[in-house]
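Handing you a structure now.
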Amino acid sequence: MDFKHFFQNVGTKVKTVWNTGKIQRVSRITYDVIWNVILFFIILGTIGMFLGAGIGFGYFASLVKDEPIRSYESMEKDIYNYEETSKLYFAGDIYIGDIQSDLHREETKLENISPTLIEAVLATEDEFFYEHNGVVPKAIIRALVQEFTNSDMKSGGSTLTQQLIKNQILTNEVSFDRKAKEILLAMRLEQFFSKDEILEAYLNIIPYGRSANGRIIAGVQTAAQELFGVDANEVNLPQAAFLAGLPQGPSYYTPYKSGGGLKDEEGLAPGVNRMKVVLSRMYESGKITEKEYQEALKYDITKDFVTESESTLDKYPHLTIELEERASEILTYVLAEKDGYTKEDLDDNHELKEEYAILANRDLRRNGYNIHSTIDKDIYDAWQEVAKNFKHYGPDSTKQVVDPSTGEVIERQRVEAAAELIENSTGRIISFLGGRGFSYDNQLNYATRAKRSNGSTMKPLLVFAPAMEKGVVQPGTPIADVETSWGSWTPQNFDNSYHGILPVRNHLMNSYNVPAIKVYTQIMNDNPVEQYLRKMGITSIGDDEYAHQALAIGGTSTGITIEENTNAYVTFANGGNFVDAYMIEKITTQDGEVVYEHKSEPVEVFTPQTSYLTLDMMRDVVKQGSASYLPGQLKYKNVDWAGKTGTSQYTHDVHFVGSNPNVTMGAWLGYRIGQSLVCDSCELHHTNRNLKLWAELINVASDINPDLIAPSEKFQRPDGIVSRSYCATSGMLPSDLCNEAGLVSSDIFNAKFVPTQVDDSLRRGSYVLVDGKAVLAGPNTPKEFIQDDGLSFNPEWLIRNQYDKLRDITQLFPSIRREAWEKITIPNTKGFNSMINDDGVAPKAPSSLKNSGMSLTWNASSSKDVVGYRIFRANEPGESFKLIGSSIETKFTLPSGTGVYHVKAVDYFGLESKASEEIVIGDFAESEEPDKPDKPDNKDNKDKDKPKNPKPNTPKDPEKPNTGDEEEPVDGGGDNTEPNPNNPQDPGEQEPPGDGEDEG
């Protein structure tokens, strides 16, 4: 085919048709039709798009219509109001740990977070964080499409900003309503805050699973510490990747089990795989190099996990709980005060106080306070070691007891211990011992929360200091320790004996009960509980208990805490000013704002003179009294210590409180459920076991801070203290007769209360010795036995002091200078209970008459009213006897050698005994008819055998003399302290002697 001619013909035909205009007309019509169709669809699409957008925006608006327009201040408060754990500090801002909380979080700043960790988080959670304005539309659309199509491949559409909004302002509710609000608030948040501020807040609030002890943790700093034991700025690349992956599934990816402890290999795998995903994203986004990526993949992250995590409660259980409770109580009043309520308002309204207590407890666990305590870390730690290693607590008790609070039967108990150390001038609690250990089923802090009877440590606080303040007694005031009853109650001393007239100083030194009760009865109607104890911080004693005499020796219905008891003694060391003990110095926010700061407010209770006199007497307790075991246990010998022991009813508790010019410390031993501490097999007496613990605690504290704990300064004697002499019988100014008797004593006094009257307890008089005791001669007393110019008690003085009612006045004679007391004769006058009762019966004859050279000796008559002996002689056996002399002793020097002799006893009332057996001295020829020895053929001798002035028999005094050999009772005797709840006068326990020294 000729293609040339073919194309020429076609071209000619097209040209011909074109020239006709037909082609142009058809093309124009087609173009118009197509364009109009396209334009129609464009218009229709635009209308639809605007309609859809309008509908979408309308729907979005309907979802957020109830969301208020938030101000910057509102959003700032919400964003930064994340729950943060409060922190506890020792004195000197030494970190203890965090308080107990369901969530553990520690705030940090962005500059303190590793850049690698930040890159890991952004690569995982929000790659375009620094580019978007709070939301990424593409991501939202993708998430919506996946939601509507119910796609299995869902990807999150939330930016970090949206996640922050969800966690801090909204909830985790899955709904379009919540999502719309989240988008709106995220965009608004981006207008108010910088990217770094948003990122920092996010990293502080995000949850990170659990710690090794099973506690929920949040915030990147806490996570770094709890998982790897490093700060957030110290993590390496694999650690950063692991942390960045956790928030997507905290419970699933965490390496720890819910109850604490590391998961097994299978349980760790999800978290490790998640870490590798994060590393892959970091590599793909160019945040790390291939080399870094490959090395991180090979890294064994499981070796970095912390295997054990000791919480603050595990390490410092008693301290943590105590500081939390005190901080919560402080915040209760702080929050109430902000709302216009006073402390008194809360104390008077239980419901109101409970409401603010709940708010305070919540704030404490959410607001991240810094709680600064007064506790010295080194001393506190040392005390726990002492308690752990102490060898003299005594045995565990295997006696079954019932816990009164739960009804549980306790099969076995160990001896518990407690102590507290307080700085006198400030009230700062330096250290405490809450118990021998801590268990989660028995969290009782025995130093601050357990109420126990304080035994004889009550005596200085309630009895002797108040009585001296009122001028009722002074240290030298004599008090008669004799059997005394108050109604049906006859209290005893710890040794089951009485000690006669002794000064208050000696009674306190040896912790005798009866004198303390006697003094208390003189002041108790003034309610010394309200006047003094309450001012010294002891608040647990009931309003009516002051009326019970047993309170004088610690007999309370509820008991008091070791802290209350110790704190009260601070009053004496402070010159009479009580300073309330405290354990929290201040509470601050994380920004350093002071929420609370303690201020000491001294309360005047006693004068400086009363306080010094009390301290001076308590010095003797330590030097030579019931705490005399203590000085030998102290490492620092020259410290001026003053203190008091105490033992409660049935020996359930033993106490000692000691003060020096700088500090006061109390210590206690006892079972949780009260049982006797008496232990026959123990190396140390129960009082000395407590004194030894006290000494070991004070020794280690002195090693750590000798300037504070073991000062060289002494208690300063204030003005108004003077030394005076007094008569030991009465406490009055010495008379010449008192001086002659050798009974002048001296002591220090408050100058306001020195004695002004001269003693009238003694007078001159004739006396005889009866059973070794001087007794004023009676009208029928034979004159040959009377000794003139002796000293006698003044009957009027005896009656005035009610000593006339004693069955035996010699009970007044103390062991101190007893020989001088026994030389004083005792009246035997009408209307006065004499120590000698006329029974109308002649005394028993002496026995065992012997010749010792030119002297006769014999055994004394067994009768107790004998004043002397008459000696009779006959020239030869069978002849009549004649009186040749008398003797007040059991011997007589003979005027001549040979003869026959016998002796008769003579009693106080002049009655004469039968003759003793005869003794013949010299050689006499036997007569053929010797007289019968018992033949009454001598009228004179017969008459002498008859009683003079016979009287009807009267019963003898049934009181048996105290031999001093009575065995100590099994329960330890009696420092009567806790009254029977059914009888306020019920005597309590009495304190037995300890290792040769009396105990109180």
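Within the group D640, D616, D591, which residue is among the acidic types (D, E) and assigned to a helix (DSSP H, G or I)?
D616
Looking at this structure, is T457 on the phi < 0 side of the Ramachandran plot, modelled with pLDDT of 95 or more, touching a Lys or Arg at 6+ places or on another chain (Cβ under 6 Å) and not aromatic (F, W, Y)?
yes
Would you confirm, using the coordinates I've provided, whether I113 is in the same structural domain as Q248 (by TED's automatic domain parsing) and at pLDDT below 75?
no
Hey, any hits in the stretch 215-238 for a residue that's surrounded by fewer than 17 Cβ atoms within 10 Å (Cβ to Cβ), in contact (Cβ under 8 Å) with a residue 24 or more places away in the chain and of a type in the set (A, V, I, L, M)?
Looking for residues that are surrounded by fewer than 17 Cβ atoms within 10 Å (Cβ to Cβ), in contact (Cβ under 8 Å) with a residue 24 or more places away in the chain and of a type in the set (A, V, I, L, M), one finds none in the stretch 215-238, hence no.
Which of the residues belonging to the stretch 423-461 are over 23 Å from V663 (Cβ atoms) and either within 11 Å of the chain's Cα centre (by Cα) or crowded, with 24+ Cβ neighbours inside 10 Å (or both)?
L444, K451, S453
When only residues in the stretch 594-613 that are part of a loop (DSSP other than H, G, I, E, B) and of a type outside the set (S, T, N, Q) count, which is nearest to I375 (Cα to Cα)?
H598
Take the stretch 199-239 and flag every residue that is among the small types (G, A, S) and in a helix (DSSP H, G or I).
A201, A223, A224, listed by residue number.
Here's another thing I want to ask about it. Residues that are charged (D, E, K, R) and under 27 Å from Q163 (Cα atoms): find the helices (runs of 4 or more DSSP H) completely inside the stretch 248-305 holding 1 or more of those.
265-284
Tell me the residue from L677, L697 that is part of a helix (DSSP H, G or I), of a type in the set (A, V, I, L, M) and more than 17 Å from S628 (Cα to Cα), please. Don't jump to the end; show me each part of the working.
Numbers: L677 fails: part of a helix (DSSP H, G or I).
Going through L677, L697 in turn, the sole match is L697.
Could you list, in sequence order, all residues of the stretch 884-901 that are in contact with a Ser or Thr (Cβ under 7 Å, 6 or more places away or on another chain) and of a type in the set (A, V, I, L, M)?
L894, the sole residue that qualifies.
Restricting the stretch 481-497 to residues that are crowded, with 20+ Cβ neighbours inside 10 Å and closer than 17 Å to S815 by Cβ, which is farthest from the chain's Cα centre (by Cα)?
V482
Looking at the stretch 252-262, can you tell me whether even one residue there is free of Cβ contacts under 8 Å to residues at least 40 places away in the same chain, of a type outside the set (A, V, I, L, M), closer than 30 Å to A201 by Cβ and surrounded by 14 or more Cβ atoms within 10 Å (Cβ to Cβ)? Write out each step before concluding.
Going residue by residue through the stretch 252-262, those that are free of Cβ contacts under 8 Å to residues at least 40 places away in the same chain are 252.
Okay, now just the ones that are also of a type outside the set (A, V, I, L, M), so 252.
Those still in the list that are closer than 30 Å to A201 by Cβ too: 252.
Right, trim to surrounded by 14 or more Cβ atoms within 10 Å (Cβ to Cβ) and you get none.
Scanning the stretch 252-262, I find no residue that is free of Cβ contacts under 8 Å to residues at least 40 places away in the same chain, of a type outside the set (A, V, I, L, M), closer than 30 Å to A201 by Cβ and surrounded by 14 or more Cβ atoms within 10 Å (Cβ to Cβ), so the answer is no.
With the requirement that a residue be in contact with a Lys or Arg (Cβ under 8 Å, 6 or more places away or on another chain) and more than 16 Å from N424 (Cβ to Cβ), what does the stretch 599-610 give you?
Within the stretch 599-610, just Q609 meets the criteria.
Sort out for me the strands (runs of 3 or more DSSP E) sitting completely within the stretch 731-796 that have 1 or more residues that are touching a Leu at 6+ places or on another chain (Cβ under 6 Å).
762-770, 787-793
Could you tell me whether C727 is in contact with a helix residue (DSSP H, G or I) (Cβ under 8 Å, 6 or more places away or on another chain), buried (at least 20 other Cβ atoms within 10 Å of the Cβ) and free of Cβ contacts under 8 Å to residues at least 40 places away in the same chain?
Yes.
Here are some residues: V622, V657, V639, V603. Which one is modelled with pLDDT of 95 or more, of a type in the set (A, V, I, L, M), within 20 Å of I422 (Cα to Cα) and surrounded by fewer than 18 Cβ atoms within 10 Å (Cβ to Cβ)?
Result of the check over V622, V657, V639, V603: V603.
Can you tell me which residue in the stretch 777-792 is surrounded by the fewest Cβ atoms within 10 Å (Cβ to Cβ), limited to those that are over 16 Å from V906 (Cα atoms) and touching a strand residue (DSSP E or B) at 6+ places or on another chain (Cβ under 6 Å)? Please lay out each step first, then the result.
As a first pass, look at the stretch 777-792 and keep what is over 16 Å from V906 (Cα atoms): 788-792.
From what is left, the residues that are touching a strand residue (DSSP E or B) at 6+ places or on another chain (Cβ under 6 Å) are 788, 790-792.
Working: D788: 10, G790: 19, L791: 21, S792: 22.
By that ranking, first place goes to D788.
Still on this model: Within the stretch 668-691, identify whether any single residue is acidic (D, E), at pLDDT 95 or above and out of contact with any strand residue (DSSP E or B) (no Cβ under 9 Å at 6 or more places or on another chain), and answer yes or no.
no
How many residues does the stretch 867-884 hold that are farther than 29 Å from D771 by Cβ and in contact with a Pro (Cβ under 7 Å, 6 or more places away or on another chain)?
The total comes to 2.
Being touching a residue at least 60 places away in the same chain (Cβ under 8 Å), surrounded by fewer than 15 Cβ atoms within 10 Å (Cβ to Cβ) and out of contact with any strand residue (DSSP E or B) (no Cβ under 6 Å at 6 or more places or on another chain) is the filter; apply it to the stretch 286-332 and report the residue that is nearest to S373 (Cα to Cα).
K315
Now, a different point. Which residue pairs have Cβ atoms closer than 6 Å, lie 6 or more positions apart in sequence or on different chains, and pair a first residue in the stretch 194-210 that is within 9 Å of N167 (Cβ to Cβ) with a second residue that is part of a strand (DSSP E or B)?
From residues that are within 9 Å of N167 (Cβ to Cβ), the pairs are P207/A218.
Another one. Any idea how many residues of the stretch 660-689 are crowded, with 22+ Cβ neighbours inside 10 Å and either of a type in the set (F, W, Y) or free of Cβ contacts under 8 Å to residues at least 60 places away in the same chain (or both)?
Step one: of the stretch 660-689, the residues crowded, with 22+ Cβ neighbours inside 10 Å are 660, 663-670, 677, 685-689.
Imposing the further condition that a residue be either of a type in the set (F, W, Y) or free of Cβ contacts under 8 Å to residues at least 60 places away in the same chain (or both) reduces the set to 668.
Matching residues across the stretch 660-689 total 1.
Which residue pairs have Cβ atoms closer than 9 Å, lie 6 or more positions apart in sequence or on different chains, and pair a first residue in the stretch 817-839 that is closer than 14 Å to K805 by Cβ and at pLDDT below 80 with a second residue that is part of a loop (DSSP other than H, G, I, E, B) and among the hydrophobic types (A, V, I, L, M, F, W, C)?
N833/L806; M835/L806
Next question, about the same structure. Can you tell me which residues in the stretch 798-822 are hydrophobic (A, V, I, L, M, F, W, C) and either over 44 Å from the mean Cα position of the chain (by Cα) or outside any helix (DSSP H, G or I) (or both)?
Of the residues in the stretch 798-822, the ones hydrophobic (A, V, I, L, M, F, W, C) are 798-799, 806, 809, 812-813, 816, 820-821.
The answer is L798, I799, L806, I809, F813, I816, A820, W821.
The values are calculated or read from the model by the stated rules, or taken from the named source; none is laboratory data. Fair warning: this is a prediction, and the values are worked out from it, not measured in the lab. Cβ coordinates were reconstructed from backbone atoms using ideal geometry, including for glycine residues, and neighbour counts include every protein chain displayed.
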